[in-house]
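In what follows, a single structure is set out as structure tokens and then discussed.
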Amino acid sequence: MAVSLQKYPLRPISNNIPRSHRPSLLHVRVTCSATTTTKPQPNLEKLVVENRFVNPPLPNDPTLQSTWSHRLWVAAGCTSLFASLAKSIVGGFGSHLWLEPALAGYAGYVLADLGSGVYHWAIDNYGDESTPIVGTQIEAFQGHHKWPWIITRRQFANNLHALARVITLTVLPLDLAFSDPVVHGFVSTFAFCIMFSQQFHAWAHGTKSKLPPLVVALQDIGLLVSRRQHAEHHRAPYNNNYCIVSGAWNKVLDETKVFEAMEMVLYLQLGVRPRSWSDPNSDWTEETEIISNNQA
């Protein structure tokens with residue numbers, strides 16, 4: 001049935017709208033059409049790959065288990081550290097030096113905490129899984145913000161093998177090249193703290209009642225990063241408390257806004273925005289329900 005536009009004229013909704021802004025009625029045409037579409041089948045292989053990054057690993061997931069390769073690298077790292085420490089002690093006895101190697105060791109401990117914070121800040125905010133050399137660690141740290149409790153489920157060598165590899169390849173040449181007790185006082189302590197920083201990190205996510213009493217005591221007196229201090233790093237805006245050895249540098253770095261200044265410099269020079277500038281999304285939001293279910 002045809003409808004006459006003259007019999008039922010179209011009127012403006014409001015006379016307050018300027019004439020120049022009112023739309024002109026040229027033609028009115030109603031077209032009905034029906035199309036049949038076939039819903040494409042999902043790519044099951046793609047879904048499996050994506051699901052690996054969406055869901056947390058299960059407690060018995062092979063990615064959390066130590067392999068013989070992991071254990072060998074940790075053993076090699078510990079051997080390199082022991083050789084460096086032995087050279088520092090034996091050299092100190094031979095040259096009657098005590099204070100200098102001890103002070104060098106203390107400096108190594110202090111600077112290891114600072115180094116862990118700078119590295120942690122960098123991989124938290126820049127790069128992705130395709131970044132050369134450190135891409136795997138960047139991906140792991142992004143997943144860590146989603147499921148922080150996973151680090152407590154990793155076996156010892158699984159958690160340390162990546163850093164143990166770096167320490168072995170760095171410290172072993174120094175063991176062969178130098179015999180100065182002061183040099184090795186610094187190297188052995190610095191390298192030890194860096195290699196075991198992921199274990200200190202795991203303890204900072206542990207439950208107090210399940211941690212060894214010595215570890216709890218070291219956390220309470222500030223020699224190891226505390227659980228309370230590191231918990232602040234996993235709360236919005238996720239841009240503080242990056243240091244994970246003793247955490248002694250966290251207050252200084254956060255109050256002086258060192259990392260914020262570095263982020264601004266990188267943004268102005270390279271145009272790269274850190275992840276901490278973006279609003280927290282689901283990838284950075286801790287899944288507390290999953291934590292409670294897995295710990296029950």
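The values are calculated or read from the model by the stated rules, or taken from the named source; none is laboratory data. Remember, predicted model here, so these are calculated numbers, not experimental data. Note that each Cβ is placed from the backbone with ideal geometry, even for glycine, and that neighbours are counted across all protein chains shown. All accessible areas refer to the heavy atoms of the entire protein, side chains included, with ligands and DNA or RNA removed. Shrake-Rupley method; radii C 1.70, N 1.55, O 1.52, S 1.80 Å.
Some notes on this structure:
- Per-peptide average of other Cβ atoms within 10 Å, ordering 161-168, 218-225 highest first: 161-168, 218-225
- Segment Leu169-Lys257, extension gain: residue separation times 0.36 nm, minus the distance between their alpha carbons: 28.3 nm
- Highest mean first, the peptides 144-150, 266-272 sorted by other C-beta atoms within 10 Å per residue fall in the order 144-150, 266-272.
- Here r is the Cβ-Cβ distance between Thr131 and Ser95 and R0 is 41 Å; the resulting FRET efficiency, rounded to 0.05, is 0.40.
- Normalised per residue, the accessible area of region 113-155 is 41 Å², obtained with a 1.4 Å probe and no contribution from ligands, DNA or RNA.
- Charge context of Arg154, other residues only, Cβ under 14 angstrom, K/R +1, D/E -1: +1
- Between Val118 and Arg235, residue separation times 0.36 nm minus the direct Cα-Cα distance comes to 40.3 nm.
- Highest average first, the peptides 179-185, 131-137, 96-102 ordered by how many other beta carbon atoms sit within 10 Å of their residues are 179-185, 96-102, 131-137.
- Using the Cβ-Cβ distance between Phe156 and Leu270 with R0 set to 41 Å, the FRET efficiency from 1/(1 + (r/R0)^6) comes to roughly 0.60.
- Within the accessible area of region 70-167, the carbon and sulfur atoms contribute 74%, probe 1.4 Å, all protein chains present.
- Average Cα contact separation per residue, region 52-199, under 8 Å, 6 or more apart, as relative contact order %: 48 percent
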